[in-house]
Structures are given as structure tokens and as C-alpha cells.
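K.L.:
Have a look at this one.
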Amino acid sequence: MIKKYAEFILQHRGITIILAVLWVAGMGFGARYLTFTNDYRVFFGDDNPQLTAFENLQDTYARNDNVLFLLVPQDGEVFTRETLDAVAWLTESAWETPYSTRVESLTNYQHTSAEGDDLVVADLAYRPETLSDEDLARIRDIALGEPVLINRLISPRAHVTGVNVTIELPGANPIAENPEVVTFVRELRDEFRQTYPGIDVRLTGIIMMNQAFPEATQYDMSTLFPLMLLLFVVVLYFWVKELSGTLTTFMIVVFSIAGAMGMAGWFGMALTPPSFSAIMIIPTLAIADSVHVLMNYLLMMQKGETREEAMVDSIRINFQPVFLTSVTTAIGFMSMNFSDAPPFRDLGNIVAMGVMIAFVLSVTFLPALVMLLPGKQRVGESASSRAMQRFAEFVISRRRQLLIGMGLASLALISFVPQNELNDDFVKYFSEKIEFRRDADFASQNLSGLYLVDYSLESGQDGGISDPEFQQNIEDFANWYREQPEVVHVNVISDTFKRLNKSMHGDDPSWYRLPDLRELAAQYLLLYEMSLPYGLDLNNQINIDKSATRMTVMLRNMTTKTVLALEQRAQRWLRDNAPPSMQNDGASPTIMFSNIGERNIRSMLLGTTVALILISIILVFALRSIKIGLLSLIPNLIPAALAFGVWGIAVGQVGLALSVVTGMTLGIVVDDTVHFLSKYLRARREKGLDAADAVRYAFSTVGLALLVTSIVLVAGFTVLIFSAFTLNSNMATMTAVTIVFALVADFLLLPPLLMAVDGSRVQAPANGREQAIVLESKEQTNV
């Protein structure tokens with residue numbers, strides 16, 4: 001049946017090519033609907049509890065998405081007339097930032113002081129160019145002693161200051177709004193540098209992090225993708241040594257990408273850096289099908305068949321294993337639908353579509369176009385084929401040593417898997433090639449970083465934030481946090497109440513404490529709010545009915561494990577020391593990213609299990625042997641375990657990216673096993689060969705193709721290791737290592753296992769076993 005199908009394709013090669021091109025064009029047309037999201041929230045599903053808590057907090061208080069300008073004077077001193085004048089200019093200019101709702105800096109910080117019985121609220125540094133040396137010294141003392149400012153807008157050494165712009169994107173056009181803000185602030189930065197050349201400027205904040213996602217993808221697309229395609233062409237031509245096959249395979253790669261990305265557009269997927277990496281993963285996998293068809297096509301010509309006969313035989317021999325490997329690869333990637341991070345679900349679905357498109361093209365478009373293009377008849381055994389024969393003899397003669405040695409080596413490496421710990425660092429999702437990463441690291445080392453935790457602390461009654469007992473509770477909580485080594489700054493409303501109490505008592509330092517009476521505290525707060533200018537009110541700290549307040553804890557850049565441990569200590573403190581109304585979980589992007597890795601591993605464990613069961617059932621039925629089907633699980637599961645063992649030795653930290661690797665690579669590593677077993681079983685059932693000779697047959701007919709496809713896969717994922725998006729880089733590293741171990745397992749472990757478990761003899765066909773061996777020994781690939 002497959003032979004008739006192949007003959008039909010070759011007889012109607014012209015119409016086959018036209019229909020294939022039209023099919024791909026129809027799918028690719030959907031690419032016009034593709035969008036690219038630049039919101040970090042895309043990593044979290046709608047049902048993610050940490051995202052829900054964060055959205056609720058932002059609905060209660062003002063949103064705190066921001067851009068932070070870091071100003072670094074070359075003379076190392078912020079409190080000079082020149083630097084403060086620059087801060088004032090930038091503060092004023094930053095109000096023009098699109099969608100800005102608040103601008104905070106040293107110069108417009110609303111400092112309170114007493115003049116007789118009056119409360120004066122004014123800019124800390126008004127008209128800096130007119131300040132005297134005494135004024136500068138006074139302002140310096142105030143700023144460095146003010147908890148609201150230190151390690152937030154001014155460094156303790158006074159060598160770096162910040163201008164923080166709060167942004168509230170309307171969400172009407174998410175694709176355009178964030179870039180609009182980034183374009184403005186970068187132009188403002190450039191203008192600042194020209195106006196004040198003695199002060200360096202760096203940009204960080206949530207808005208800049210959002211923009212780093214598409215910029216990392218653009219970097220990969222402009223540098224790595226062309227390199228990958230060039231590498232594939234070189235590797236293919238080196239092994240295939242036929243222009244028609246190389247050109248056709250290259251076209252299949254392009255068509256598979258176009259079809260998969262077009263289908264993503266038809267399904268309304270929004271691209272992210274993880275899902276966009278499909279454009280670099282699909283070529284790596286698409287080539288594998290073509291290689292198997294082409295290598296057997298060349299092998300059959302080597303036996304003396306015509307080009308048409310060789311292609312028909314190649315399709316007949318490879319249709320089932322190529323179909324099986326495509327399906328199992330697609331299942332492996334589709335297991336990523338269990339991921340808790342939507343971008344990885346999209347990645348799995350796009351790659352799965354690309355793999356199946358590549359399969360269809362490899363058994364339709366490829367044979368038709370190869371036959372249409374000129375080609376050469378090749379005869380003679382190559383050095384590579386002879387080397388594969390020698391390797392097969394080595395494996396067969398040392399089967400026992402290899403079985404024991406591979407078993408012990410595998411156990412040794414797998415013993416290091418527990419050395420891995422669930423940990424991550426979301427700022428390091430970007431490599432240092434990206435400007436945001438460099439600026440974020442500088443900010444963390446010199447002022448404050450992106451890591452923070454927000455708490456909405458409830459008093460349980462309207463106006464309750466003025467209650468002395470509630471104030472004391474939040475003050476105690478804030479002071480506990482300030483004692484933690486991971487904390488750089490705590491922004492809490494109790495500091496404002498203490499400052500107001502001091503100011504209303506003639507700026508007497510002894511009154512820098514919480515008011516004793518609720519009514520007095522409420523009056524202070526009302527007087528202060530009425531004195532604040534537009535855009536600098538307290539709605540970012542207090543809810544509408546003044547029953548709750550937001551406390552913000554700013555942290556050093558740290559791993560997710562450290563963040564979660566700190567949050568557990570905080571919750572324990574609240575349970576032991578605070579009333580029930582105050583016992584709310586922390587909410588912030590930091591908390592969200594810290595939990596996503598663990599949630600994703602739990603969900604992907606289920607996904608990988610489902611994929612393993614499905615693949616195992618398919619292999620049992622396809623190979624028509626429960627014993628061989630179950631035996632195939634060993635070389636299919638061991639590679640990922642070995643890779644995690646190596647990772648435990650070399651790195652020891654498993655984050656969001658690696659949580660999907662086992663499911664993703666399961667479908668890939670099955671490919672080699674399926675191809676080897678299909679040829680092995682063909683030799684056993686059709687040729688009547690014993691286990692050792694069947695292994696020889698498998699090595700001679702498919703060994704070189706497995707080596708080539710593995711080289712192509714490793715080469716493709718090695719290029720992706722240099723991605724500017726570290727999640728992609730780590731995922732590619734682990735995948736490449738897994739593929740290497742998969743080849744080792746299929747070459748050094750699977751054959752000894754087969755000879756040990758499946759060693760019974762099979763009756764040879766009528767032509768005789770010896771004749772079968774002689775015939776199959778001629779099936780060597782001409783490379």
C-alpha cells in the first residue's frame with residue numbers, strides 16, 4: 001500500500017508540488033494575525049493564584065508599573081547644585097512620559113516642616129541652582145535620614161539617585177503602548193545625556209523589563225536564526241552530497257516554519273520569547289524526517305536501483321518510522337500544554353504543528369521535488385559506512401561489558417539528580433547582551449532592584465489606618481522586615497505618621513513617633529493630603545476608605561528559593577504577632593515568578609506522565625511487541641535523567657525553563673529508538689536474522705542517519721544556547737545534552753539490551769539466512 005502511494009506521488013510529482021505549496025501558503029497566510037506580547041504577565045495563566053492576588057492589590061491601590069531613571073554623577077556626589085538641577089529638569093520632563101501618573105525624585109519629595117503652628121509641605125530641593133552650600137548640606141542630611149528615600153531614591157553613599165516614573169498603561173492597544181513609553185524615555189535619556197554630559201543615565205523598571213522580551217527575540221532572530229540555517233545547509237550537504245536533496249530539505253524547513261507560525265496566527269496565539277523560539281526549534285526537528293528519507297534513497301541507489309525505484313523503496317521503508325517519530329515528537333511537545341506558563345503551552349503547540357507539517361512534506365513534497373531536480377547515480381561504499389560496520393561489530397563483541405558499564409555509568413550520573421534544587425532568578429532571564437539586564441544589575445548593586453513584595457494590610461474598619469494599635473502593628477512588621485538581610489528598603493505609611501507627628505511638634509526629634517490618638521493621627525493625615533500637589537497623593541499607599549494600607553518591601557536581587565523562604569518567615573511573623581485582618585500573602589511580580597517554577601514542575605510531571613503513557617502505547621502497537629515496546633522505555637527515559645544528573649553536577653539549579661525539558665525531549669529522543677527498533681524488527685521478522693545480525697542490519701541501514709540527525713539536532717540547539725533570552729538558552733543546553741545521551745543510549749545500551757532480552761532465534765525466510773546477511777551488508781549509505 002505504501003509502495004503504491006509512493007509510486008502515485010512520483011507519477012504526479014508536478015501536481016503534488018503545487019498542492020503542497022498551496023497548502024503551506026494557506027496556512028502561512030495566518031501569519032498576518034500574529035501579535036507579539038510584551039507583558040511579563042503572559043507567563044501566568046488566568047487561574048494563577050499569585051497573579052490574581054497581585055491584580056487584586058493593584059485594583060485596590062494605584063498600579064506601580066514603572067520606569068526608573070538611575071542618575072550616576074561622575075564626581076560621585078548627588079548633592080551638588082549641578083546634579084540636583086539635572087534631577088529637577090528630568091523630574092519635570094518625565095511628567096510628559098505617555099501614561100505617566102506619578103513622578104518621584106529627590107527634588108520633588110514632599111518634605112514636611114513646622115513654621116509656628118503651621119505644617120509646611122514643600123519640595124525638598126526647590127530651584128536647586130539657587131541653593132547655598134548650607135542648603136545642600138541640610139538637604140543631604142534630610143534625604144539620607146529619611147526612610148522613605150534611602151535605598152529607594154538615594155543611595156546611602158549619595159553617589160546614585162533615581163527618578164521614578166509610575167506608568168498606568170490603559171490596555172487599549174497593549175502591543176503599542178509599552179513601546180511608546182520606552183521610545184519616549186530613551187529619547188529623554190539621550191537628551192539628558194547631551195544636556196548633562198557629566199551624569200550617566202541608566203533605565204530599569206517593569207516597563208523596561210516588558211520591552212526586553214521582544215528585544216531579546218529580535219536579537220535572536222537577527223543573529224542566531226541566519227547562523228542556524230547556514231549551519232544546517234552546510235551539515236546537510238556534507239552528509240548528503242546532493243544539491244537537490246539539500247535544496248529540498250531547506251525548502252521543507254522554511255515551509256514548516258511558515259505553516260506552523262501561520263497556524264499560530266489562525267489560532268490567535270500571541271508570541272513571546274519562549275513561543276517564538278519555535279522558529280528555531282522547528283528547523284532542527286523538520287530536517288530529521290528528510291534526512292532519513294534521503295539517506296535511504298541514496299542507499300538504495302547504491303544497490304543499483306534507479307532514482308525512482310530508490311525513492312519508492314525509501315518511502316516504503318521509512319513511512320511508518322518517520323510517521324511514528326513525528327507523532328511521538330508532537331506528543332512530547334504537546335505535553336507542554338500541562339505547563340502553568342502559557343508561553344510554553346504555545347511553544348509546544350507551534351512546534352507540534354511544525355513537526356507534523358514537516359512529516360507531510362517529507363513524504364510528499366520532498367520525493368516529488370527531488371525527482372524533478374537533476375541528480376546523480378551513486379555507487380560504492382563510503383568510509384563512513386565502513387566505520388559504522390566496525391562500530392556495530394564493536395558493540396556486538398562487547399555487549400556484556402557495555403551493558404554493565406552503561407548501567408553503572410547511568411546509575412552514577414542519575415545519583416546526582418537530587419543535587420538539583422528548584423531555583424530561579426527572573427532578572428537573569430535575559431543575558432547581559434540586553435541593555436535592560438546590565439542596567440537592572442547596576443541598579444540592584446547601587447540603589448534598589450526590581451525585586452519587591454507588596455502587602456495589603458487590613459485594619460478591619462473604615463479609617464482604621466489611623467488607629468494607634470494598627471499603626472504599631474504595621475510599624476512592628478516593617479521593623480521586622482528591616483532586620484532581614486535580604487531587604488534594602490521598606491516603604492510603610494507609619495513612617496509618614498511619625499514624620500507628621502514630629503513636624504506638628506515644632507520638628508522636635510523626640511516626637512518622631514506614632515501619634516497616641518486616632519483622631520489626632522487622622523487630622524494629621526487629612527492636613528498632609530490636602531497639602532500634597534497633584535500626582536503625589538497617597539493613593540498608592542492607602543485605599544479609598546482608609547481601611548487598609550500597602551506596605552512595599554524592596555529586596556536585593558535574589559533567587560526564587562530565597563524569596564519564598566523570606567515570604568514564609570514573614571507569614572510566620574504575621575501569624576504570631578498580628579491580628580487576623582493583617583494576615584495577607586505578599587503579592588508582586590517577584591512572588592509570582594518565585595512560585596511559577598514549582599507550579600510548572602508539578603503540572604509538567606503530570607504532562608510528561610501522560611505523554612509517556614501515550615508514546616508507550618503507540619510504540620507497543622506500532623512495533624507489535626509488548627516486550628520490545630516496554631524495553632524501549634529504558635533508552636527513552638534514561639537520556640533526560642542523565643542530562644539532569646550532569647546539570648546537578650555543573651549547575652544544580654532548575655528553573656522555569658528546565659521544568660518543561662523532560663516532556664519536550666521525550667518526543668525527540670524516542671525518534672532514534674523508533675528508527676533503530678523498526679530496522680531491527682524488520683531484520684528479525686522479514687529477514688529471519690538472529691538478534692546480533694539484526695543489530696548489524698539496524699546499524700548498517702539506519703545508524704549513519706541517526707548519527708546525522710543527532711548532529712543536526714545538537715547543532716541547532718547549540719546555536720540556541722547563545723540566545724539573549726536565558727530561558728531559551730538553558731532549555732537548549734539541556735535539550736542538546738539530552739540528545740547526545742539519547743544517541744549514546746541507542747548506540748551503546750539499546751543493542752546490548754536487545755541481544756540480552758530478545759536473543760531467541762527466528763526462522764529465516766526461504767532464501768536462507770546467509771543470503772539475507774550478504775544482501776543487507778550491501779545496504780550501505782553512500783556519503
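The values are calculated or read from the model by the stated rules, or taken from the named source; none is laboratory data. Everything quoted here is computed from the prediction, not taken from an experiment. Heads up, the Cβs are rebuilt from the backbone with ideal geometry, glycines too, and the neighbour counts pull from every protein chain shown. Side chains are part of the model used for accessible areas, which takes the heavy atoms of the whole protein and leaves out ligands, DNA and RNA. Shrake-Rupley method; radii C 1.70, N 1.55, O 1.52, S 1.80 Å.
K.L.:
Just to be sure I understand, how many residues within region 548-560 are more than 22 Å from Pro468 (Cα to Cα) and either open to solvent by 10 Å² or more (accessible area, probe 1.4 Å) or assigned to a helix (DSSP H, G or I) (or both)?
P.N.:
Looking only at that region, the number is 6.
K.L.:
Show the residue pairs that are 6+ apart or on different chains and have beta-carbon atoms under 7 Å apart, the first residue being within region 212-237 and within 27 Å of Asp289 (Cβ to Cβ) and part of a helix (DSSP H, G or I), the second being open to solvent by 50 Å² or more (accessible area, probe 1.4 Å) and at pLDDT 85 or above.
P.N.:
Leu224/Phe722; Val233/Phe250; Val235/Ile711
K.L.:
Looking only at residues that are touching a residue at least 60 places away in the same chain (Cβ under 8 Å) and among the small types (Gly, Ala, Ser) in region 543-574, which one is nearest to Thr60 (Cα to Cα)? Steps first, answer last, please.
P.N.:
In the first step, residues of region 543-574 are kept if they are touching a residue at least 60 places away in the same chain (Cβ under 8 Å); the result is 543, 545-563, 566-567, 569-570, 573-574.
After this cut, where a residue has to be among the small types (Gly, Ala, Ser) as well, the list is 547-548, 570.
Details: Ser547: 11, Ala548: 9, Ala570: 22 Å.
Among residues in region 543-574 that are touching a residue at least 60 places away in the same chain (Cβ under 8 Å) and among the small types (Gly, Ala, Ser), the one nearest to Thr60 (Cα to Cα) is Ala548.
Residue-by-condition table, conditions (1) touching a Gly at 6+ places or on another chain (Cβ under 7 Å); (2) open to solvent by less than 10 Å² (accessible area, probe 1.4 Å); (3) on the phi < 0 side of the Ramachandran plot:
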site	(1), (2), (3)
Ser335	yes, yes, yes
Ala341	no, yes, yes
Gly348	no, yes, yes
Met356	no, no, yes
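K.L.:
Residues that are closer than 30 Å to Tyr61 by Cβ, open to solvent by 10 Å² or more (accessible area, probe 1.4 Å) and modelled with pLDDT of 85 or more: does region 595-614 have at least one? Full working, then the answer.
P.N.:
Initial filter on region 595-614 (closer than 30 Å to Tyr61 by Cβ): 595-600.
Then keep just the ones that are open to solvent by 10 Å² or more (accessible area, probe 1.4 Å); that gives 595, 598-599.
If we keep only those that are modelled with pLDDT of 85 or more as well, we get 595.
Within region 595-614 (the criterion being closer than 30 Å to Tyr61 by Cβ, open to solvent by 10 Å² or more (accessible area, probe 1.4 Å) and modelled with pLDDT of 85 or more), the answer is yes, since at least one residue qualifies.
K.L.:
How about region 486-505: which of its residues are polar (S, T, N, Q) and part of a helix (DSSP H, G or I)?
P.N.:
Of the residues in region 486-505, the ones polar (S, T, N, Q) are 491, 494, 496, 501, 503.
Result: Ser494, Thr496, Asn501, Ser503.
K.L.:
Let me ask something else about it. I'd like to check something: does region 359-376 contain any residue that is modelled with pLDDT of 85 or more, open to solvent by less than 60 Å² (accessible area, probe 1.4 Å), closer than 26 Å to Lys303 by Cβ and not in a helix (DSSP H, G or I)?
P.N.:
Yes; the residues of region 359-376 include at least one that is modelled with pLDDT of 85 or more, open to solvent by less than 60 Å² (accessible area, probe 1.4 Å), closer than 26 Å to Lys303 by Cβ and not in a helix (DSSP H, G or I).
K.L.:
Hey, among the residues in region 101-119 that are without any contact (Cβ under 8 Å) to a residue 24 or more places away in the chain and in a strand (DSSP E or B), which one's least open to solvent (accessible area, probe 1.4 Å)?
P.N.:
Selected residue: Asp118.
K.L.:
Quick check on my filter: what residues within region 187-201 are farther than 15 Å from Ser100 by Cα and in a helix (DSSP H, G or I)? Write out each step before concluding.
P.N.:
Residues of region 187-201 farther than 15 Å from Ser100 by Cα: 187, 189-201.
Across region 187-201, the qualifying residues are Glu187, Arg189, Asp190, Glu191, Phe192, Arg193, Gln194, Thr195.
K.L.:
Determine whether region 229-239 contains at least one residue that is in contact with a Ser or Thr (Cβ under 9 Å, 6 or more places away or on another chain) and of a type in the set (Val, Ile, Thr).
P.N.:
yes
K.L.:
Further question on the same structure: State whether one or more residues within region 410-420 are modelled with pLDDT under 90, among the polar types (S, T, N, Q) and closer than 30 Å to Asn66 by Cβ.
P.N.:
Checked against the condition, which is being modelled with pLDDT under 90, among the polar types (S, T, N, Q) and closer than 30 Å to Asn66 by Cβ, region 410-420 yields no hits at all.
K.L.:
Please verify whether region 626-645 includes one or more residues that are at pLDDT 85 or above, more than 22 Å from Ser326 (Cβ to Cβ) and outside any helix (DSSP H, G or I).
P.N.:
Taking every residue of region 626-645 in turn, none turns out to be at pLDDT 85 or above, more than 22 Å from Ser326 (Cβ to Cβ) and outside any helix (DSSP H, G or I).
K.L.:
What are the residues in region 453-473 that are surrounded by fewer than 21 Cβ atoms within 10 Å (Cβ to Cβ) and touching a residue at least 60 places away in the same chain (Cβ under 8 Å), if any? Even if it seems obvious, please write down each step before you answer.
P.N.:
Taking region 453-473 and keeping what is surrounded by fewer than 21 Cβ atoms within 10 Å (Cβ to Cβ), we get 456, 458, 460-464, 467-469, 472-473.
Those that are surrounded by fewer than 21 Cβ atoms within 10 Å (Cβ to Cβ) and touching a residue at least 60 places away in the same chain (Cβ under 8 Å): Ser456, Glu458, Gly460, Gln461, Asp462, Gly463, Gly464, Asn473.
K.L.:
Run Val453 past the list (1) in contact with a Ser or Thr (Cβ under 7 Å, 6 or more places away or on another chain); (2) under 22 Å from Thr552 (Cα atoms); (3) not in a strand (DSSP E or B) and report the number of the one that doesn't hold.
P.N.:
(3)
K.L.:
Next question. Can you name the number of the only condition in (1) surrounded by fewer than 16 Cβ atoms within 10 Å (Cβ to Cβ); (2) in contact with a His (Cβ under 8 Å, 6 or more places away or on another chain) that Asn318 fails?
P.N.:
That leaves (1) as the condition not met.
K.L.:
While we're looking at this one, here's another question. Pick from Ala286, Ala310: which is open to solvent by less than 10 Å² (accessible area, probe 1.4 Å), modelled with pLDDT under 90 and in contact with a Gly (Cβ under 8 Å, 6 or more places away or on another chain)? Walk me through how you get there before you give the answer.
P.N.:
On the way: Ala310 fails: in contact with a Gly (Cβ under 8 Å, 6 or more places away or on another chain).
Testing whether each residue is open to solvent by less than 10 Å² (accessible area, probe 1.4 Å), modelled with pLDDT under 90 and in contact with a Gly (Cβ under 8 Å, 6 or more places away or on another chain) leaves just Ala286.
K.L.:
Listed residues Leu413, Leu450; which is open to solvent by 10 Å² or more (accessible area, probe 1.4 Å), of a type in the set (A, V, I, L, M), under 22 Å from Ser588 (Cα atoms) and touching a residue at least 12 places away in the same chain (Cβ under 8 Å)? Steps first, please.
P.N.:
Values: Leu413 fails: under 22 Å from Ser588 (Cα atoms).
One residue alone meets the criteria, Leu450.
K.L.:
Could you give me the residue pairs with C-beta distances under 6 Å whose first residue belongs to region 383-406 and is farther than 14 Å from Val744 by Cα, whose second residue is among the polar types (S, T, N, Q) wherever it lies, and which are 6+ apart or on separate chains?
P.N.:
Ser385/Gln780; Ser385/Thr781
K.L.:
Select from region 271-282 the residues that are at pLDDT 85 or above and either hydrophobic (A, V, I, L, M, F, W, C) or surrounded by fewer than 24 Cβ atoms within 10 Å (Cβ to Cβ) (or both) and list them in ascending order.
P.N.:
Correct list: Leu271, Phe276, Ala278, Ile279, Ile281, Ile282.
K.L.:
Select from region 433-450 the residues that are of a type in the set (S, T, N, Q) and assigned to a helix (DSSP H, G or I) and list them in ascending order.
P.N.:
Ser444, Gln445, Asn446
K.L.:
Can I ask one more? If Asp462 meets every condition in (1) assigned to a loop (DSSP other than H, G, I, E, B); (2) under 22 Å from Thr560 (Cβ atoms); (3) not aliphatic (A, V, I, L, M) apart from one, which number is that one?
P.N.:
(2)
K.L.:
On to the next question. Considering only region 736-775, how many residues are polar (S, T, N, Q), in a helix (DSSP H, G or I) and at pLDDT below 90? Steps first, answer last, please.
P.N.:
Initially, region 736-775 is screened for residues polar (S, T, N, Q), giving 738, 760, 763, 767, 771.
From what is left, the residues that are in a helix (DSSP H, G or I) are 738, 771.
This time we only want the ones that are at pLDDT below 90, so: 771.
Residues flagged as polar (S, T, N, Q), in a helix (DSSP H, G or I) and at pLDDT below 90 within region 736-775 amount to 1.
K.L.:
If I ask for residues that are acidic (Asp, Glu) and surrounded by 11 or more Cβ atoms within 10 Å (Cβ to Cβ), which ones from region 120-145 would you list? Even if it seems obvious, please write down each step before you answer.
P.N.:
Our first condition is that a residue be acidic (Asp, Glu); within region 120-145, this holds for 123, 129, 133-135, 141.
Scanning region 120-145 gives Asp123, Asp135, Asp141.
K.L.:
Only one of these is touching a strand residue (DSSP E or B) at 6+ places or on another chain (Cβ under 8 Å), on the phi < 0 side of the Ramachandran plot and open to solvent by 30 Å² or more (accessible area, probe 1.4 Å): Glu432, Glu421, Glu483. Name it.
P.N.:
Details: Glu432 fails: touching a strand residue (DSSP E or B) at 6+ places or on another chain (Cβ under 8 Å); Glu483 fails: touching a strand residue (DSSP E or B) at 6+ places or on another chain (Cβ under 8 Å).
Checking each option against the conditions leaves just Glu421.
K.L.:
Would it be correct to say that Thr80 is under 26 Å from Tyr126 (Cα atoms) and polar (S, T, N, Q)?
P.N.:
Working: under 26 Å from Tyr126 (Cα atoms): yes; polar (S, T, N, Q): yes.
Answer is yes for this residue.
To keep it simple, each residue is scored yes or no on (1) part of a helix (DSSP H, G or I); (2) among the aromatic types (Phe, Trp, Tyr); (3) in contact with a helix residue (DSSP H, G or I) (Cβ under 7 Å, 6 or more places away or on another chain).
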{"residue": "Asp507", "(1), (2), (3)": "no, no, no"}
{"residue": "Lys546", "(1), (2), (3)": "no, no, yes"}
{"residue": "Thr562", "(1), (2), (3)": "yes, no, no"}
{"residue": "Gln571", "(1), (2), (3)": "yes, no, no"}
{"residue": "Arg575", "(1), (2), (3)": "yes, no, no"}
{"residue": "Asn584", "(1), (2), (3)": "no, no, no"}
{"residue": "Ile615", "(1), (2), (3)": "yes, no, yes"}
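K.L.:
If you don't mind, another one. Any residue that is crowded, with 19+ Cβ neighbours inside 10 Å, modelled with pLDDT of 90 or more, in a helix (DSSP H, G or I) and not aromatic (Phe, Trp, Tyr) - is there at least one of those in region 160-175?
P.N.:
The answer is no; no qualifying residue exists.
K.L.:
Still on this structure, I have one more. Give region 116-130 a look and list any residue that's over 18 Å from Leu526 (Cα atoms) and over 50 Å from the mean Cα position of the chain (by Cα), or say none. Reasoning before the result, please.
P.N.:
Step one: list which residues in region 116-130 are over 18 Å from Leu526 (Cα atoms), which gives 116, 123-130.
Those that are over 18 Å from Leu526 (Cα atoms) and over 50 Å from the mean Cα position of the chain (by Cα): Gly116, Thr130.
K.L.:
Just to be sure I understand, how many residues within region 21-52 are closer than 30 Å to Val360 by Cα, open to solvent by less than 20 Å² (accessible area, probe 1.4 Å) and either β-branched (Val, Ile, Thr) or within 22 Å of the chain's Cα centre (by Cα) (or both)?
P.N.:
The qualifying residues number 1.
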